[in-house]
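Since the structure comes first, as structure tokens, the remarks are kept for the end.
The values are calculated or read from the model by the stated rules, or taken from the named source; none is laboratory data. Everything quoted here is computed from the prediction, not taken from an experiment. Virtual Cβ from ideal backbone geometry, glycine too; neighbours counted across all protein chains shown.
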Amino acid sequence: MLNKKVWNDLKSQNLYDEIDRYSGEASAAEAGNILLFTYLRTYLMDEVLVKADRASMFNSLEVRSPFLDYRLVDFVNGLPYNFKLRGFTSKYILKKLMKGKLPPAIINRPKKGFGVPLAAWLKNELRPFCEEVLSAENINKSGLFNADFVEQLKQEHFAGKHDNRKQLWTLMVFQMWQNNWN
């Protein structure tokens, strides 16, 4: 995605410094628990919870995450990994604990987020805006990204070949930020 000059400048850097640091902080011996601790310290803390906090505060809502009580987190972090993931069953111990207390349809339903239909919007209502923001002219002006690669991402998404909504949206937000502050 990056142009060759930027890519060459970044080659010598360790893009995983933060992950390496958190993995080193994990007191767990099992690889799965180290991975979960790193997820907790990065994506959960810095992404999911921040977004939930901002969205709830914006709407004057008080949100609680009961499974994030520090005593429960400490207890679960100390459990063997196979209590958390057994085969392809995630949240294994929680599902066993809730058996008979919640209907099976709730216990076994797939995870569901609070996403917006961004993929569809980018193909329809937001397509002209996406085309404008991620035009070859704008991409080349920024000097960071490979315009041909970005064009390929757009065309694959518009044609329904790949769901590139995350990459496209991230690029759009970056381009708009750069246009505003550069």
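Values for this structure:
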read-out	value
Scan of the stretch 51-85 for residues that are polar (S, T, N, Q) and surrounded by 13 or more Cβ atoms within 10 Å (Cβ to Cβ), ordered by number	56, 77
Matching residues in the stretch 3-30 - criterion: being of a type in the set (Gly, Ala, Ser), part of a helix (DSSP H, G or I) and either in contact with a Phe, Trp or Tyr (Cβ under 6 Å, 6 or more places away or on another chain) or surrounded by 11 or more Cβ atoms within 10 Å (Cβ to Cβ) (or both)	23
Residue that is nearest to the chain's Cα centre (by Cα) [pool: residues in the stretch 45-86 that are assigned to a loop (DSSP other than H, G, I, E, B) and more than 28 Å from residue 28 (Cα to Cα)]	63
Positions within the stretch 83-103 being free of Cβ contacts under 8 Å to residues at least 24 places away in the same chain, of a type outside the set (D, E, K, R) and at negative phi, in sequence order	83, 88, 89, 90, 92, 93, 94, 97, 98, 102, 103
Test: residue in the stretch 121-130 that is over 25 Å from residue 173 (Cβ atoms), in a helix (DSSP H, G or I) and not β-branched (Val, Ile, Thr)	no
Unmet criterion (only one of (1) surrounded by 12 or more Cβ atoms within 10 Å (Cβ to Cβ); (2) in the same structural domain as residue 33 (by TED's automatic domain parsing)) for residue 102	(2)
Given (1) farther than 24 Å from residue 21 by Cβ; (2) out of contact with any helix residue (DSSP H, G or I) (no Cβ under 9 Å at 6 or more places or on another chain), number of the condition residue 43 does not satisfy	(1)
All positions within the stretch 87-111 that are in a loop (DSSP other than H, G, I, E, B), of a type in the set (Gly, Ala, Ser) and within 15 Å of residue 32 (Cα to Cα)	87
Among (1) loosely packed, with under 11 Cβ neighbours inside 10 Å; (2) among the hydrophobic types (A, V, I, L, M, F, W, C); (3) under 29 Å from residue 55 (Cα atoms), the one test that residue 88 misses	(3)
Filter result for the condition that a residue is buried (at least 16 other Cβ atoms within 10 Å of the Cβ) and either under 28 Å from residue 9 (Cβ atoms) or modelled with pLDDT of 95 or more (or both), over 167, 178, 155	167
Flag for residue 116 being free of Cβ contacts under 8 Å to residues at least 40 places away in the same chain, under 25 Å from residue 27 (Cβ atoms) and either in the same structural domain as residue 171 (by TED's automatic domain parsing) or of a type outside the set (Phe, Trp, Tyr) (or both)	no
